[in-house]
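Below is one structure; the comments refer to it alone.
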Amino acid sequence: MKNLSYYYKKAIKEGFAVGAFNFSNLETLKAICSAAQKTNSPVIIAITEGALNYFGIDFVVAITKTAKKQYSTPIFLHLDHGQSFETCALAVDNGFDSVMIDASSLAFEENIKLTKQVVDYAHKKGVLVEGELGQIKGIEDNLSNEQNHFTAPLQAKEFVEKTRVDSLAVAIGTSHGAYKFNGESKLRFDILSEIEKQLPAFPLVLHGASAVNQEFVNEVNLYGGKLGYPKGVDEKLTNIAVTKHNIVKINIDTDLRIAFTAGVRKSLKDNPENFDARKYLKSGQENVESVVTHKIKNVLNSYSKI
Ligand code: G3H
Ligand code: 13P
Ligand code: ZN
């Protein structure tokens, strides 16, 4: 099978991005894989430390192995926001295709040191490593950043040269979670272009890229939820980052969570007599599949890129 680095190169050449979709239950995992399969798209299934603890690593390894067997589309298992050498090494030892070491909250030199330690370990086993430079506002697992610190282009070059990471997560205005912007969403494409000048044809990653679909938000609120007025990234901007820049991986979690919750809430409300979990979870699963399909076709441009 072609590896992830093959798809990163192809993505830069052909102007698409591989979707990195977070999962923390079986229904979401199946929905992601099924959407990728039906659209002939490569896909990254991403798991955070929090989700890893929720599942237990042995379950994660077993179900993702099964998923890779069951679906013929390229599926890559990725550790999202690994926060220590130990967790990254555990993922590497358990056959993950790729790990992210997120040492972005550390001082520059410390970030380089820890990231390089992970790279040295992972590369020996053929596993790719994503680093992060700059900080992305919002909740990154248990780390909370109040402010955006945009990635400094010159530092990005030095960081990549010293660590030898395979891809770099950049901070250009996105943030994690559902409440990203007060007014219009804005991304710093000027900074992105400067980074690309320093690192020509290098795979870059955009976190915090959920769009926060208003229809699903309304549905959650209509069926008893309380999401207030969240706001995500305009999908047109994400599409520019993918097609006109070197963003080869787009991370999406919040959009799937909201879609799943909307489906479950609606099903429970519409079928008050039901207590079969399969039925309401299936509604969540269907919503997630429709979101992933939409992203692949209309935002990531990864349709038919296997
Ligand atoms: O950036 C990652 C996620 O959106 C946070 O997920 O709650 O599983 O850590 P988590
Ligand atoms: P969202 O919260 O925008 O979905 O971002 C998810 C993410 O970056 C996971 O690493
Ligand atoms: Zn992230």
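What to note about this one:
- Matching residues, the range 168-211, being outside any loop (DSSP other than H, G, I, E, B), hydroxyl-bearing (Ser, Thr, Tyr) and away from ligand 3 (no atom under 13 Å from the Cβ): TYR179, SER193
- Top-ranked residue of the range 50-106 - restricted to ones that are out of contact with any Asp or Glu (no Cβ under 9 Å at 6 or more places or on another chain) and of a type in the set (Phe, Trp, Tyr), ranked as farthest from ligand 1 (Cβ to nearest atom): TYR71
- Residue check, GLU140 modelled with pLDDT under 95 and within 15 Å of ligand 2 (Cβ to nearest atom): yes
Listed here are the residues, each with its yes/no results for (1) surrounded by 20 or more Cβ atoms within 10 Å (Cβ to Cβ); (2) more than 26 Å from VAL165 (Cα to Cα).
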position: CYS33; (1), (2): yes, yes
position: THR39; (1), (2): yes, yes
position: GLY50; (1), (2): no, no
position: PHE59; (1), (2): no, yes
position: GLN70; (1), (2): no, yes
position: THR73; (1), (2): no, no
position: ASN111; (1), (2): yes, no
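- Residues of the range 180-206 that are of a type in the set (Phe, Trp, Tyr) and buried (at least 17 other Cβ atoms within 10 Å of the Cβ): PHE202 alone.
- Any hit, the range 127-145, residues being assigned to a loop (DSSP other than H, G, I, E, B) and more than 18 Å from the chain's Cα centre (by Cα): no
- Matching option when the condition is of a type in the set (Gly, Ala, Ser) and within 19 Å of GLY177 (Cβ to Cβ), among ALA277, ALA262: ALA262
- Single residue of the range 212-240 satisfying the filter (in contact (Cβ under 8 Å) with a residue 60 or more places away in the chain and either assigned to a helix (DSSP H, G or I) or closer than 20 Å to SER41 by Cα (or both)) that is nearest to ligand 2 (Cβ to nearest atom): THR238
- Yes/no for LEU154 being at pLDDT 95 or above, in a helix (DSSP H, G or I) and surrounded by fewer than 16 Cβ atoms within 10 Å (Cβ to Cβ): yes
- Of all the numbered requirements in (1) surrounded by 23 or more Cβ atoms within 10 Å (Cβ to Cβ); (2) touching a helix residue (DSSP H, G or I) at 6+ places or on another chain (Cβ under 8 Å); (3) not polar (S, T, N, Q), TYR303 misses one, and that requirement is (1).
- Here THR28 meets the list (1) assigned to a helix (DSSP H, G or I); (2) closer than 29 Å to LYS244 by Cβ almost entirely, failing just condition (2).
- For the residues SER193, SER304, the requirement of being touching a residue at least 40 places away in the same chain (Cβ under 8 Å), out of contact with any Lys or Arg (no Cβ under 9 Å at 6 or more places or on another chain) and under 30 Å from LEU154 (Cβ atoms) singles out SER193.
- When GLU109 is tested against (1) within 16 Å of ligand 1 (Cβ to nearest atom); (2) without any contact (Cβ under 8 Å) to a residue 12 or more places away in the chain, just one condition goes unmet, and that condition is (1).
- Test result for LYS2, closer than 19 Å to VAL129 by Cα and either outside any loop (DSSP other than H, G, I, E, B) or more than 16 Å from ligand 2 (Cβ to nearest atom) (or both): yes
- The range 158-167 - residue that is more than 16 Å from ligand 3 (Cβ to nearest atom) and assigned to a loop (DSSP other than H, G, I, E, B) and, of those, nearest to ILE136 (Cα to Cα): ASP166
- Residues being at positive phi and surrounded by fewer than 17 Cβ atoms within 10 Å (Cβ to Cβ) - total across the range 207-247: 2
- Scanning the range 93-108 for residues that are under 18 Å from the mean Cα position of the chain (by Cα) and either over 15 Å from LYS125 (Cβ atoms) or of a type in the set (A, V, I, L, M, F, W, C) (or both) yields PHE96, VAL99, MET100, ILE101, ASP102, ALA103, SER104.
- The range 272-306 - residue that is in a helix (DSSP H, G or I) and basic (Lys, Arg) and, of those, nearest to the chain's Cα centre (by Cα): LYS295
The values are calculated or read from the model by the stated rules, or taken from the named source; none is laboratory data. All of these numbers come straight from a predicted model, not from anything done at the bench. Virtual Cβ from ideal backbone geometry, glycine too; neighbours counted across all protein chains shown.
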